[in-house]
1. Of the residues 402, 382, which single one is part of a loop (DSSP other than H, G, I, E, B), crowded, with 24+ Cβ neighbours inside 10 Å and within 16 Å of the ligand (Cβ to nearest atom)?
2. Take the conditions within 16 Å of the ligand (Cβ to nearest atom), among the β-branched types (Val, Ile, Thr) and out of contact with any Cys (no Cβ under 7 Å at 6 or more places or on another chain) and apply them to residue 296. Does it pass?
3. Need pairs with beta-carbon distance below 6 Å; first residue closer than 14 Å to residue 397 by Cβ and touching a residue at least 24 places away in the same chain (Cβ under 8 Å) and within segment 301-313, second within 12 Å of the ligand (Cβ to nearest atom) and among the polar types (S, T, N, Q); sequence gap 6+ or separate chains.
4. Mind checking which pairs have a first residue in segment 353-370 that is more than 16 Å from residue 254 (Cα to Cα) and free of Cβ contacts under 8 Å to residues at least 40 places away in the same chain and a second that is of a type outside the set (D, E, K, R) and surrounded by fewer than 18 Cβ atoms within 10 Å (Cβ to Cβ), Cβ under 7 Å, 6 or more apart or different chains?
5. Has segment 93-109 got at least one residue that is modelled with pLDDT of 95 or more and in a helix (DSSP H, G or I)?
6. Which is touching a strand residue (DSSP E or B) at 6+ places or on another chain (Cβ under 9 Å), surrounded by fewer than 19 Cβ atoms within 10 Å (Cβ to Cβ) and not polar (S, T, N, Q), of 427, 463, 470, 423?
7. Quick one: which of 245, 229 is small (Gly, Ala, Ser) and more than 16 Å from the ligand (Cβ to nearest atom)?
8. Residue by residue through segment 150-191, note down the ones that are over 27 Å from the mean Cα position of the chain (by Cα) and crowded, with 20+ Cβ neighbours inside 10 Å.
Amino acid sequence: MYVVHVASEVAPVAKVGGLGDVVYSFAKATAALGHHVDVIIPKYDTLDYEQIHHLKPQYRRLWTYDGSDPYHNLVWEAKTADLSLLLIDPDHPHYYFNRGSIYGEVDDIDRFIYFSRAVCEYLYKSGKRPDIIHLHDWPVSLVAPLYQEMYLSLGMKVGGVVLTIHNLAHQGLCRPFNLARAGLRENPLLQDPQDFSLINLLRGGIEYADFVTTVSPTYEKETKTQEGGCGLDPILRKHQKKYRGILNGIDTTYWNPLTDSYLAYPYKTLGDKKKNRLELQRCFNLELSQGPIVCVVSRLVAQKGPKLMEAALRYTVNHGGQFILLGSCAEGDVKEHFERLQDEFSSNRNVAFYFGYHEELSHKVFAGSDLTVIPSLFEPCGLTQMIALRYGTLPVVRLTGGLADTVSKENGFVFKDPDSESLCEALSEAFHLFFQNPSKWKAFAEKGMRQDFSWKKSMRSYLRVYEKLLLQ
Ligand code: ADP
């Protein structure tokens, strides 16, 4: 089978959050089964070139349109680890992908509509005919309507188009004239269901894809309700026959405490994990105390529950623990919130903050901590609870979306209501076990380390989806 993933992120070369991890590990797991897999992303100026090998031009004369104007693109091929990448490099006066960041530009809509059209044009012109085109989230959703409305009639036939929704909250809302820029006409299937004057790119993907998945079974259910549907619940209910929640996996060779090259002390048992705790305390200049180290590794956005993170911090320092926050992509007011906390705790050697994205540090934090707190208000799947478990760090999570599908009282500490009392109750259970029953704690954490969070099971579900589409 030939599968082409189209995405705005792929780890480790262009990662903002879990989307990048999932595209990478999922594509790698599919390729490991012997399938031919390519991942197409923009050739951002921020690509991590240390992780890119065998970079060379693959298709030199790709002309595509932005409105009525043709623009030239160079398509590069490259490898990251064993994965094949195709990188679209536009020669465009707006330098769409030379902005020093992946998202957050005022013209994100223009940038990704341009990319979606260029991907279709590339697949069409290069003669590549994937069995499956697999799209990820709103930035590339327009590929589905473009394929059905334009490229299919030009004779480009593929086996099926799959769209995976990693986060329904981001939908790509824009004005109708943007469609014309991609060469599409306005059409009710592309309208935002809550405001007909707007175009909703994610809705377009859902309507036109042959199959739609999201990243956990519980999130699938939540997205079909008015409360969790972000305005698209009627569309998802309408398409429920072709909509399924399949749990994400993690790359268990990358996230392996025994072979993790970022760790000074790779480990297999909780006893050996201890050395990483000291290393982490030194790294953050924390007191060398014996209390539980509680970490948060997260984007700092409203979705992730910043107020509850603060409650966890206060509980931790008041009950003999230490708190480390590694936070990236802070939204304006959330950023101020944490900067205030940083000021308040600046002289407290049981609290440490690192603002920014830091891959190496994230490994050290998971390895050196005892608990991780994930108090998300909603969470499509979440990866950090699975990573933490693999590193013998017990998760304290709010039961929502994929957190509810991966963490229970059997492998962590859970709470339901998004308030600090419920969170602190779960944390107090964790602290009680840590202080009162170290041997039970050890057994609990080591059981978590043995849990299988690989792609194995979910891959079977995806392959069944692909095979069904190929038979149609
Ligand atoms: P989301 O995709 O909503 O950001 P996930 O839990 O699905 O959340 O995935 C987050 C991924 O990003 C994990 O691999 C996590 O380790 C990583 N991550 C989050 N924040 C940081 C950070 N500040 N530095 C390094 N890695 C981070």
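1. 382
2. yes
3. Close Cβ pairs (under 6 Å, with a partner that is within 12 Å of the ligand (Cβ to nearest atom) and among the polar types (S, T, N, Q)) amount to 304/298; 304/376; 305/376.
4. Between residues of segment 353-370 that are more than 16 Å from residue 254 (Cα to Cα) and free of Cβ contacts under 8 Å to residues at least 40 places away in the same chain and residues that are of a type outside the set (D, E, K, R) and surrounded by fewer than 18 Cβ atoms within 10 Å (Cβ to Cβ), the close pairs are 353/342; 356/328.
5. Within segment 93-109, one or more residues are modelled with pLDDT of 95 or more and in a helix (DSSP H, G or I).
6. Residue meeting the stated conditions: 470.
7. 229
8. 184
The values are calculated or read from the model by the stated rules, or taken from the named source; none is laboratory data. Not measured: the values here are computed from a predicted model. Cβ sites come from the backbone with ideal geometry, for glycine too, and all protein chains shown count toward neighbours.
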